[in-house]
Amino acid sequence: MDTVLRSQSKTVVIGAGQPFCIIGERINPTGRKVFQAQLQKGDLQQIEIDVAEQLAGGADVLDVNVGDPLADEVGLMGQAIPLVQGLTDLPLCIDSSIIEALEAGLAAYEGKALVNSVTGEDERLQTILPIVARYGAAVIGLANDDEIRMEPKERLEIARKIVSAAGDFGIPPEDVVIDPLAMPIGAQPLAVTSFIATLELLREELGVNTTCGASNTSFAMPSRHALGATFLAIAQSHGLTSAIMDARSLQCVDAVRASDLLLGRDEWGATWIRRYREQKAAAAAS
């Protein structure tokens with residue numbers, strides 16, 4: 001099944017037979033003190049730089065998160081979405097844990113967005129899914145509830161609950177993108193093997209599309225780009241169809257596009273060759 005996202009003029013399809021979908025993670029103040037301070041002042045200028053860098057890197061969709069405890073997240077989200085849509089035709093992923101901010105973003109968005117995210121807790125399902133349905137969006141479902149589970153079969157059952165609950169609100173399975181939970185390998189040695197096992201169960205049992213916060217895997221480890229690139233290639237070969245990732249990382253993006261070619265999702269290497277030529281031209285121009 002395919003998950004279709006749209007902006008005013010561009011459609012992106014996430015699916016098992018499609019090229020991997022890169023969801024750029026950069027528009028997010030987490031760990032960025034300067035951006036946090038700007039948001040607290042209502043200043044969104046940094047977003048213009050973030051959009052440009054991710055477009056240059058090869059993002060397919062952009063995640064937009066303006067959450068800061070000392071900022072007006074609801075008001076900022078309502079401003080950020082049209083700002084980003086004025087800078088790019090890529091579809092957007094509206095990212096917030098605040099219900100009102102999600103709704104403000106969806107109300108301002110033109111097209112079919114992806115919402116990040118809902119968990120398996122009953123209260124969150126009953127609060128977020130009606131908003132997703134009302135705006136005709138797709139949604140990321142995190143395979144956890146009131147605790148983070150490491151057992152793949154437990155994650156599968158939470159994912160099954162999310163897909164079922166979404167159906168109750170008229171959201172079809174193809175519009176539920178499950179996150180099997182990428183955890184830091186430095187804190188949990190079996191994090192990636194559990195992730196892969198969950199991916200395989202999701203593919204076999206539910207057939208849904210999948211995503212993850214790819215940068216989580218390498219958190220607090222050295223050579224993060226090397227780890228991230230390898231993780232993405234492995235996960236892609238086991239059925240991962242998208243990731244919220246650093247679209248500015250040449251190593252990670254190249255790993256994803258190489259995997260597209262090697263897994264038969266880039267016929268005759270057209271995208272791989274075009275990307276190579278663009279990089280050579282950019283290097284020559286600089």
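Please treat every number below as a calculation from the coordinates, not as lab data. Nothing here was measured: the structure is a model prediction, and the numbers come from that model. Because the Cβ atoms are built from the backbone with ideal geometry, glycine has one as well, and the counts that use them run over all protein chains shown.
The table that follows gives values for the structure above.
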| read-out | value |
| --- | --- |
| Sparse-neighbour loop sites [GluC sites (Glu not before Pro); segment 114-154; at most 10 other C-beta within 10 Å; DSSP] | Glu147 |
| Distance between segment 128-176 and segment 1-42 - C-alpha centres, whole angstrom | 19 |
| Segment 3-279, relative contact order in percent, only Cα pairs under 8 angstrom and at least six apart counted | 20 |
| Inter-probe distance in nm under a simple model that places probes 7 Å from Cα toward Cβ, at Glu48 and Met1 | 4.2 |
| Among beta bridges that DSSP assigns inside the chain, antiparallel share in %, nearest 5 | 15 |
| About the Cα centre, charge dipole magnitude for segment 125-178 (Lys/Arg +1, Asp/Glu -1 at Cβ), debye | 100 |
| Computed E for Ala285/Ala16 - FRET, C-beta separation, R0 41 angstrom, nearest 0.05 | 0.65 |
| Mean separation of Cα contacts under 8 Å (6+ apart) over length of segment 9-131, as relative contact order % | 24 |
| Ranked Ile14, Ile49, Ile234, Ile244, criterion: other C-beta atoms within 10 Å, fewest first | Ile49, Ile234, Ile14, Ile244 |
